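Chemist: Input: one structure, supplied below.
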Amino acid sequence: MADKTNYSAQNITVLEGLDPVRKRPGMYIGGTGVDGLHHLIWEIINNSVDEAMAGYADRIEVTLYDDGSVGVLDNGRGIPVDIVAATKKSGLETVLTVLHAGGKFGGGGYKVSGGLHGVGSSVVNALSTRLIAEVYKDGKIYRQEYNCGVPLKDVEPVGKTDRKGTFIRFYPDASIFTTTTEFNRDTIVDRCRQQSYLTRALTIHLRDERDVLNLKRYTFYFESGIEAYVRHINKNKEALFDPPFSVEKQSSDATVEVALTYTTDFNEHVYSFANNIFTTEGGTHLTGFRTALTRAINDFAKKSGLMKETDGSLTGEDVREGLTAVISVKLGEPQFEGQTKNKLGNPEMRSLVENATYEAYMDYLAEHPSEAKKIIEKVALAARARAAARAARETIIRKGALEGMTLPGKLTDCTNRDPSKSELYIVEGNSAGGSAIGARERTFQAILPLRGKILNVERARLDRMLTSEEIKSLIIALGAGIGEDINIDKLRYHRIIIMTDADVDGAHIRTLLLTFFYRHFPSIITNGYLYIAQPPLFALKKGKELRYAYTDAERDKVFVEMGGQLSEAASELPSETGEDESLPEMDDSEEVTVTAKKGAKINIQRYKGLGEMNAEDLWDTTMNPENRILLSVTIDDAERADSIFSMLMGDEVAPRKRFIHTRAAQVKNLDI
């Protein structure tokens, strides 16, 4: 055994070339799960988009091949293939094998780009079992192949061509991406559409060849750029005016684009980008935009007489209610936080965006009196609702203090006071609540039963929300406040588990709760605190043997393993008579007994709801941390999540009807 107390130079390991990437991939792509896998595509597409932003390309083709690889082709200048003096290698091999190497450092190759660290292409190469690179340049085709980042031979010309550009095809390494190496087409569609919106007049083609009998092709091209993007975000909402307000302003080393409109919605939908990179945490450009918006609306409202001086000033929260906006800046030296580029830090972008937005928006409001009136009426109503909500919040706090520690009476709390070790089960109804209370481990599991279906918060302002007793109880139990007073650090539980019945009503209640958390507590989701419990649908018992199943297919599998025999009709159980007669679909609470081999009886019960499970069964299957199955709720794509919630839970009926009509054939059994 090695002597770990003897720490010397012999313990120092030097990782060379691309070894650091394969050793610690999460440092470069954020993780080795689904998000990290797709990050490989984004790195290659971003390089092609950089060529388009620089004015050298106007077409990108992305192909998902049936062998699991991905290809990205552009018609840009093509990666240089001549020798780089510092590496004594071709430009192509240098870009694909040397970390922090590329044409985006000195300023000669790109005035504006999304890739600044010079690691994107080389990281993709390192994490691929195979990568093929072709460059179309100077009438020739140059080609090089790699295995896990190692070139198989030097760059060499393999033919002639009239084309120009670069083609990269890579095969993700399954030993790195152990969860999955299958790309999600919808995720890639959304990304390609987004990049086309942000780069005016760029055409992006996407082709999915993985299903040879059902090839999918997409083409994205938007002449109006981010104006079209705002309309796309609002496709399931009612806009107050159209076309959107937009402004584009260029300085010596940066470009600012802003487009916005308002909807009848109560939520803010603002997306900010820097060099086409989605800055999920905003940054200085978003701060500048918000400052300009608040100042312009306040100044115009009082200058035009639409609001009196005595009405007070509108807050940022007021002027952003129902706002849909896209802010896109392009600059030479963006200061991002980390390789994943979540936040922009350039201080000069705040004033540049603020000045450009304020001046243009003041002019717009003056020149469009009808739109200006709608905006002022909308934000003034938001201000009055905010005041009503504050009064309602104060009432809740006062009432809660009198009741002791602000906890609702229906909450059965746990004894542990450490949020990281405490969990809250939100259950459907008093019957399920009684079972859960009897099943729980009282030291760390709290139970909050909710009666019926909570208010749909997608259609309600905060002041109306706070009139709902069920929502008030939930807010108080969470302990983090609500609205402008929210403080996620005061959250009382770091595992919040939605546990509803496995029927249509349960699914509806679950959706209403997910809407509540997504709209008012998104940080609970992004911090990984929200889960969905998975109670079993069936209990199968033969003698003293008791097993559970969570789906029809699993029920059939367990039935066979316990000695049962399926009929010839797939996934159907034989009847108790032993004749070749199929058992009908089991309804809620139905219980059947089937004769198995050697005359043994198998009892199959389908649970109607959690309240029908005794405490011991509920603990064993759904609440015991050693046995239970929990689904973690995540926000993989904020724009898509917002669109889905707006469509399913919002006021607009037409998008919801389209959704139902297009998916009606997928519903096999509808419990009404």
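The values are calculated or read from the model by the stated rules, or taken from the named source; none is laboratory data. None of these values were measured; they are calculated from a predicted model. Cβ coordinates were reconstructed from backbone atoms using ideal geometry, including for glycine residues, and neighbour counts include every protein chain displayed. Keep in mind that these areas ignore ligands, DNA and RNA; they rest on the heavy atoms of the full protein, side chains included. Shrake-Rupley method; radii C 1.70, N 1.55, O 1.52, S 1.80 Å.
Chemist: Compute, for residue 268, the solvent-accessible surface of its heavy atoms (probe 1.4 Å) with the complete set of protein chains present, and express it in square angstrom to the nearest 10.
Modeler: The value for residue 268 is about 70 Å².
Chemist: Report the accessible area of residue 242, computed with a 1.4 Å probe over the heavy atoms of all protein chains in place, in Å² rounded to the nearest 10.
Modeler: Approximately 90 Å² for this residue.
Chemist: Using only the Cα atoms of region 17-65, build the gyration tensor, take square roots of its eigenvalues as a ≥ b ≥ c, and label the shape rounded, prolate or oblate: rounded if a/c is under 1.5, else prolate if a/b is larger than b/c, else oblate. Let's see the in-between values first.
Modeler: Working: a/c = 2.89, a/b = 1.91, b/c = 1.51.
Judged from the Cα gyration tensor, region 17-65 comes out prolate (a/c at least 1.5, a/b above b/c).
Chemist: Another question, if that's okay. Which links in 541/608; 453/608; 88/160; 23/343; 237/374; 303/378 stretch past 19 Å when you go from one Cα to the other?
Modeler: Details: 541/608 17 Å; 453/608 17 Å; 88/160 25 Å; 23/343 26 Å; 237/374 16 Å; 303/378 17 Å.
Long pairs (Cα-Cα over 19 Å): 88/160; 23/343.
Chemist: Rounded to the nearest 10 Å², what accessible area does residue 558 have for a 1.4 Å probe in the complete protein model?
Modeler: The accessible area comes out at roughly 10 Å².
Chemist: Could you tell me what percent of the accessible area of region 276-318 is made up of carbon and sulfur, with a 1.4 Å probe and every protein chain present? Before the final figure, lay out the partial values.
Modeler: Details: 980 of 1960 Å².
Carbon and sulfur atoms account for 50 percent of the accessible area of region 276-318.
Chemist: Using Cα-Cα distances under 8 Å and only pairs 6 or more residues apart, what relative contact order does region 196-320 have, in percent? Let's see the in-between values first.
Modeler: Values: 138 pairs, mean separation 19.2, N = 125.
Relative contact order for region 196-320 comes out at 15 percent.
Chemist: Please compute the modelled spin-label separation between residue 184 and residue 99, points set 7 Å along Cα→Cβ, answer in nm with one decimal.
Modeler: With each label point 7 Å from Cα toward Cβ, the separation is 2.9 nm.
Chemist: Tell me, what is the percent relative contact order of region 440-575, built from C-alpha pairs under 8 Å that lie six or more residues apart? Each step should come with its number before you reach the end.
Modeler: On the way: 137 pairs, mean separation 22.1, N = 136.
This gives 16 percent for region 440-575.
Chemist: Which of the three applies to region 218-354, rounded, prolate or oblate, going by the alpha-carbon gyration tensor with a ≥ b ≥ c and a/c under 1.5 meaning rounded?
Modeler: Working: a/c = 1.89, a/b = 1.31, b/c = 1.44.
Verdict is oblate for region 218-354.
Chemist: Summing +1 for each Lys or Arg and -1 for each Asp or Glu, what net charge is found among the other residues whose Cβ lies under 13 Å from the Cβ of residue 619?
Modeler: Numbers: positive: 440, 442, 628; negative: 441, 616, 617, 620, 626.
It works out to a net charge of -2.
Chemist: Also, quick follow-up: Could you tell me whether region 145-214 comes out rounded, prolate or oblate from its Cα gyration tensor? Rule is a ≥ b ≥ c as square roots of the eigenvalues, rounded for a/c under 1.5, then prolate if a/b exceeds b/c, otherwise oblate. Display every interim value, and only then the final one.
Modeler: Details: a/c = 1.91, a/b = 1.13, b/c = 1.69.
Here region 145-214 falls in the oblate category.
Chemist: Using alpha-carbon positions, what is the distance between the centroids of region 267-331 and region 442-483, in Å?
Modeler: Cα centroid of region 267-331 versus Cα centroid of region 442-483: 29 Å apart.
Chemist: How large is the charge dipole for region 465-513, taken about the Cα centre, if only the Cβ atoms of Lys, Arg (+1) and Asp, Glu (-1) carry charge, to the nearest 20 debye?
Modeler: Working: 5 positive and 8 negative charges, 49 e Å.
Dipole magnitude for region 465-513 comes out near 240 debye.
Chemist: A follow-up question, please. For labels at residue 268 and residue 417 in the simple 7 Å Cα→Cβ model, what's the distance in nm?
Modeler: In this crude label model, residue 268 to residue 417 measures out at 3.5 nm.
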